[in-house]
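Reading through the structure tokens given below for one structure.
The values are calculated or read from the model by the stated rules, or taken from the named source; none is laboratory data. Just so we're clear, the structure is a prediction, and the values are computed from it rather than from any experiment. When we count neighbours, we look across all protein chains shown, and the Cβ atoms used for this are built from the backbone with ideal geometry, even at glycine. SASA here: full protein model, heavy atoms, side chains in, ligands and nucleic acids out. Shrake-Rupley method; radii C 1.70, N 1.55, O 1.52, S 1.80 Å.
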Amino acid sequence: MGDGLVKIVYQGKETETAPTSVGGFLASVGVAADKVIIEYKGDILSAAAAASAPLEEGAELNAFKVVAGG
């Protein structure tokens, strides 16, 4: 892209961000990668894998927080 941004779909909404890793993007939106389940392009990533996985144009990214209760 000419403006240097990458378009992704995060939590079902299209967004633009600077090129970074999955983990870097999550940190930029206030999500701790080690506290959520990360789904990226249909695969589950560990926090360590997310730290080095580059965001790709058009990719889908979801972060799910597991909540236990009674």
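Points worth noting:
- The calculated FRET efficiency for the pair S21 and V67, based on their C-beta separation and a Förster distance of 30 Å, comes to about 0.70.
- The chain - mean residue ellipticity at 222 nm from DSSP helices (-39,500 (n - 2.57) per run, n ≥ 4, rounded to 500): -4500 deg cm²/dmol
- Couplings for the stretch 12-25, taken from phi via the Karplus curve 6.51 cos²θ - 1.76 cosθ + 1.60 with θ = phi - 60°, read x, 10, 5, 9, 10, 8, 5, x, 7, 8, 4, x, x, 5 Hz in order; Gly and Pro are left as x.
- Here the chain has 54 percent of its accessible surface on carbon and sulfur atoms, given a 1.4 Å probe and all protein chains in place.
- Here the spin labels are modelled as points 7 Å beyond Cα on the Cα-Cβ line, and at S52 and D3 they lie 3.2 nm apart.
- Convex hull of the chain built on C-alpha atoms - directionally averaged projected area, nm²: 4.9 nm²
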